[in-house]
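Enquirer: Following this message is one structure expressed as structure tokens.
The values are calculated or read from the model by the stated rules, or taken from the named source; none is laboratory data. Just so it is clear, the structure is predicted and the values come from calculations on it, not from any experiment. We place every Cβ from the backbone using ideal geometry, glycine too, and count neighbours over all the protein chains shown. Remember, those area values only see protein heavy atoms, side chains included, never the ligands or the DNA or RNA. Shrake-Rupley method; radii C 1.70, N 1.55, O 1.52, S 1.80 Å.
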Amino acid sequence: MSVDRNKNLFGQSRWHIISLLRKKSMGVKELSSELGMTPNGIRPHLASLERDNLVRQVGVKLSGGQPAHIFELTGEAELFFPKAYGVLLSHMLTEIRSSLDDSDFHKLLTSTALRLARNWPKATGNKVNQIQTGVDVLNELGGLAEISEEDNKYFIQGYSCPLSEATKTHPEICFLAQMLLEDLTDLKFERCCTYGEKPKCRFQAL
């Protein structure tokens, strides 16, 4: 998401507050001085950002003999700033791919998926519950997925790929997601992903 779009989303004042708090924790008085606004003008914006879990209070310090709350950004707020992860991953895959044959490259993707899967407990319950575990993990990784049923077949349908920047040039990375799902759920999946400018994950549970 671009900076200009974020300004429109939050409004100029709140976006300026977010940008300042990204540099360091501040109190209302400091923010007021930086933005040329009154403290009473700052507080409603901070309250709104707190409600959205983008800003939190992290302490109190004396200011003019009075206690003043100090604010900082939450991890969720950082998600609104552009990241280089996808571009970096894409370039790293290009370098790795050029030095490995198909067999070794797939072994690398598989071992990476299995190592990643260790961060979550194995799925339990019936087939739907197992698939839901896979959906929850994909969403935790930054995707947007849900279970869909078509003609008595179950699918994990994604609407936003967490690895979209990399899959544009390396669609084979979906194999990593498939291996992750299979290890977590003990089910087999078939990839039915959509590639291109707006890739979408789709896996059929077999």
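Enquirer: Could you put S160, S99 in order of accessible surface area, largest first, with the 1.4 Å probe and the full protein assembly present? Mind showing how you got there, number by number?
Expert: Numbers: S160 50, S99 90 Å².
Listed by decreasing accessible area, they come as S99, S160.
Enquirer: Rank these residues by their accessible area, most exposed first, probe 1.4 Å: S164, S103. Walk me through the numbers before you get to the answer.
Expert: On the way: S164 40, S103 65 Å².
Sorted by accessible area, descending: S103, S164.
Enquirer: Any idea of S98's accessible area? Nearest 10 Å², probe 1.4 Å.
Expert: Approximately 90 Å² of S98 is accessible to the 1.4 Å probe.
Enquirer: Can I ask one more? Taking K and R as +1 and D and E as -1, what net charge do the other residues with C-beta under 14 Å from the C-beta of D183 add up to?
Expert: Numbers: positive: R115, R118, K122, K188; negative: E182, D186.
Charge balance in the 14 Å sphere: +2.
Enquirer: Averaged per residue, what accessible area in Å² does the stretch 64-152 show with a 1.4 Å probe, protein chains only?
Expert: Values: 5770 Å² over 89 residues.
So the stretch 64-152 comes to 65 Å² accessible per residue, rounded to a whole number.
Enquirer: Within 12 Å, Cβ to Cβ, of A123, how many net charges do the neighbouring residues add up to if Lys/Arg are +1 and Asp/Glu are -1? Don't skip to the end; give the middle numbers.
Expert: Numbers: positive: K122, K127; negative: D136, E182, D183, D186.
Surrounding charge for A123 is -2.
Enquirer: Let me ask you something else. Identify the trypsin sites (Lys or Arg not before Pro) of the stretch 86-167 meeting these criteria: DSSP loop state and at most 12 other C-beta atoms within 10 Å of the C-beta.
Expert: Values: sites: R97, K107, R115, R118, K122, K127, K153; in loops: R118, K122.
In loop regions of the stretch 86-167 (DSSP not H, G, I, E or B), the sparsely surrounded trypsin sites (Lys or Arg not before Pro) are R118, K122.
Enquirer: Taking the solvent-accessible surface of protein heavy atoms with a 1.4 Å probe, what is the per residue accessible area of the stretch 160-206 in Å²? Could you put the intermediate results ahead of the total?
Expert: Working: 2170 Å² over 47 residues.
So the stretch 160-206 comes to 46 Å² accessible per residue, rounded to a whole number.
Enquirer: Turning to a different aspect of this structure: With θ set to phi - 60°, apply the Karplus curve 6.51 cos²θ - 1.76 cosθ + 1.60 along the stretch 125-140 and write out the HN-Hα couplings as whole Hz, x wherever there is a Gly or Pro.
Expert: With the stated coefficients, the stretch 125-140 comes to x, 6, 4, 5, 5, 5, 5, 4, 4, x, 4, 4, 5, 4, 5, 5 Hz.
Enquirer: Now for a separate question. Give the residues of the stretch 134-172 whose amide nitrogen is closer than 20 Å to a point set 7 Å from the Cα of R56 in the direction of its Cβ.
Expert: 140-142
Enquirer: Moving on. Considering only protein heavy atoms and a 1.4 Å probe, what is the carbon-and-sulfur percentage of the accessible area of the chain?
Expert: On the way: 6230 of 12150 Å².
Solvent-exposed carbon and sulfur of the chain make up 51 percent of the total.
Enquirer: Now for a separate question. When the solvent-accessible surface of protein heavy atoms is calculated with a 1.4 angstrom probe, in what order do L100, L31 fall, highest first? Intermediate results must be reported in sequence, preceding the final value.
Expert: Details: L100 55, L31 0 Å².
Ranking L100, L31 by accessible area, largest first, yields L100, L31.
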